[in-house]
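Read the figures in this text as sums done on the coordinates, not as results from a lab. On a predicted model such as this, the values are computed, not experimentally measured, just so you know. A quick note on method: Cβ atoms are made from the backbone with ideal geometry, for glycine too, and the neighbour counts reach across all protein chains shown.
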């Protein structure tokens with residue numbers, strides 16, 4: 001369907017132009033006047049040759065020769081084509097006896113110049129200059145068309161590259177996510193077998209989301225929020241009383257879609273670096289929306305064992321999500337990372353397309 005639309009956009013102006021040139025004599029020349037009839041024949045005679053000149057150059061000569069490094073071939077072939085077309089024009093002029101029709105139409109009048117002694121018809125020179133204009137115009141049109149096609153090809157290549165890169169970045173999240181989740185379940189097995197079993201069930205639900213729901217370009221915002229809540233519940237099962245977890249995830253959300261797995265690297269990072277089993281620590285997570293913006297904020301204490309929580313910590317997840325945000329939203333998204341008084345904070349704002 002897309003190809004047909006592109007072809008229609010390309011050729012519709014040609015069809016309209018040809019139609020206008022074809023019906024123009026109907027409104028200009030009188031059908032009951034001999035001289036007007038001759039001028040109409042002469043007009044269509046020239047129009048046919050101009051159409052041939054335009055499209056042979058537009059479709060064949062310019063695409064195959066103009067864009068080569070050596071332009072001499074193009075101009076040589078164009079001159080040869082012009083000469084052959086003018087010779088053909090002269091031959092057909094004689095075969096159709098248009099000169100006799102001209103004399104009959106004007107009843108011997110010398111309003112038109114007589115046929116030349118060398119046998120050339122009087123419109124040959126006019127045809128030559130008109131053909132030069134037509135060939136120049138068709139060459140320009142061919143160049144514009146090629147540039148447009150190259151631009152579209154570049155856009156398609158860039159689109160394919162971005163889609164491939166986005167798929168690669170998103171797929172890198174899954175192994176990272178499973179690695180952290182399985183580590184938590186492994187730790188729970190030794191502490192509480194029942195909780196470990198519940199965690200496996202919770203993880204299976206998260207896996208279904210990762211395998212089936214996230215393998216698309218966008219997902220419903222409510223599903224992404226539910227996924228985040230379930231993941232936090234899974235991580236919460238192994239926390240001790242020394243860890244204060246505050247979660248504020250909006251329950252009622254608008255019916256919009258967002259790219260999947262946008263927030264999970266930041267939350268993973270918080271659980272990895274914000275938990276201490278010897279000293280009090282905390283994690284605060286907020287996820288909400290307003291009319292046209294989604295707000296995500298995550299703050300966590302920095303466990304002493306993890307050291308400074310700079311922008312590079314959190315493995316590939318944080319780096320990949322930054323790249324995804326850049327590819328998906330450009331400058332429309334806002335990501336702020338800060339660290340102060342052993343508290344690491346990240347704020348993310350992305351637009352909602354309602």
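Rank the residues 60, 219 as a footprinting-exposure proxy: fewest other Cβ atoms within 10 Å of their Cβ go first. List each step's numbers first, then the result.
On the way: 60 13, 219 19.
Ascending number of Cβ neighbours within 10 Å: 60, 219.
Placing dummy labels 7 Å off each Cα toward the beta-carbon, the span from residue 179 to residue 349 is 3.3 nm. Cβ crowding within 10 Å ranks 233, 292 as 292, 233, fewest other Cβ atoms first.
Mind ordering 78-85, 271-278 by average Cβ neighbours within 10 Å, highest first? Walk me through the numbers before you get to the answer.
On the way: 78-85: 14.9, 271-278: 18.8.
Highest to lowest by the protection proxy: 271-278, 78-85.
With the biggest extent put first, the Cα atoms of segment 192-351 measure 41, 38, 28 Å across the principal axes.
Exposure proxy ranking for 22, 42, based on other Cβ atoms within 10 angstrom of each Cβ and starting from the fewest, stands as 22, 42.
Order of 222-231, 181-190 by packing, highest average Cβ count within 10 Å first? Let's see the in-between values first.
Details: 222-231: 18.8, 181-190: 14.9.
Ranked by mean Cβ neighbours within 10 Å, highest first: 222-231, 181-190.
Working from Cα pairs under 8 Å separated by at least six residues, relative contact order for segment 192-351 is 19 percent. If R0 is taken as 22 Å, the Cβ-Cβ distance between residue 207 and residue 239 corresponds to a FRET efficiency of 0.50.
Modelled spin labels at residue 252 and residue 200, positioned 7 Å past Cα toward Cβ, are 4.0 nm from each other.
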